[in-house]
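One structure is given here, and the rest of the page talks about it.
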Amino acid sequence: MDSKSTTANLADAGQARLGIALCLLSMFIFACQDGITKVLVRHLPVAELVMVRYWVFVLFALVVCRSQGGVRQASRSANPWLQVIRSLLGVAEIAIFGLALRYLGLAETHALYAVFPLMALGLARVFLGERLVGRQWLAAAVGFGGTLLILRPGMGVFQPAALIPLAAALTFAFFNILSRRISQTDSFATTTLYMAVVGAVVVTAVGVPAWVTPTPREAVLMAILSVTGVLAQLLLIQALKYAQASTLQPFNYSLLAFAMLIGLFVFGEAPTAWTLTGALLILLAGLYSIKPSRS
């Protein structure tokens, strides 16, 4: 191998490491956001929190559109109704997940929510006609087993509230399926604009009637929640410029670890052995399902 090839490989490796670092930072910010949300939902309506986040998201979307041809161009979609449905699913997922944090700990919520990639596999088979290989069926079965360990139905410890993060996971799985289909025809700017505007209109209609004036401390936390949401998304987008999505995918699961640590050290939520074992099974199943096939 000549010196030029070696230098190029080292540069690629360096960029991949930078992408991974940005991805991990993004996941950490997302976990911190969930911690802030858990504090705020104790006294404020979920609809109000989602509404404020979407108002800030609209500003971000307008900046994206301006940098990629303008709002008029971005508003042209090949699948406007799919964009609307996808946007509604995005709003629903954030709201349902926020509701889950009101009743469950961070560790349990994230452990159950982590099944969404496996749900997306099944939905891709049904709606996109994607063929699943044997290891993906096995991963789905193991992930389901991990979910049952956390829920423990029939053992007298099942909480109906535990179904809330599963509903959020299913909603996000549908969101991902529509994202795959839409990305084949619409630009990132178009998708971002639709999601921001449709989401803002919907949550404003619900959030304004439910408005509860926040305390100064809550207002600051709401501002941090909204701004860091955009920051985390920007970091994730930047990470994808330096590393491939397949490289970053395993590191997305660091969100579960960060959430557990924040739950433990900030809220004093020590996960049970059942939750840890179930989360580990779901994590391993998810990683196994995205493992590249041998040629």
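The values are calculated or read from the model by the stated rules, or taken from the named source; none is laboratory data. This one's a predicted model, so the numbers in the text were calculated from it and none came from an experiment. Here the Cβ is made from the backbone with ideal geometry for all residues, glycine too, and neighbour counts use every protein chain on show.
Here are the numbers for this structure:
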quantity	calculated
Options 200, 140, 169: the member that is within 28 Å of residue 76 (Cβ to Cβ), crowded, with 18+ Cβ neighbours inside 10 Å and of a type outside the set (S, T, N, Q)	200
Options 263, 229: the member that is buried (at least 18 other Cβ atoms within 10 Å of the Cβ), under 20 Å from residue 93 (Cα atoms) and of a type outside the set (Asp, Glu)	229
Only one of 164, 177, 182 that is within 22 Å of residue 259 (Cα to Cα), β-branched (Val, Ile, Thr) and surrounded by 14 or more Cβ atoms within 10 Å (Cβ to Cβ)	164
Helices (runs of 4 or more DSSP H) contained in the range 217-295 and holding at least 2 residues touching a residue at least 12 places away in the same chain (Cβ under 8 Å) and within 24 Å of residue 130 (Cβ to Cβ)	245-248, 273-289
Pairs, first under 21 Å from residue 62 (Cβ atoms) in the range 72-97, second assigned to a loop (DSSP other than H, G, I, E, B) and modelled with pLDDT under 95, C-beta under 8 Å, six or more apart	74/68; 74/187; 77/185; 77/186; 83/77; 83/186
Criterion (part of a helix (DSSP H, G or I), among the hydrophobic types (A, V, I, L, M, F, W, C) and at pLDDT 95 or above) met by exactly one of 88, 22	88
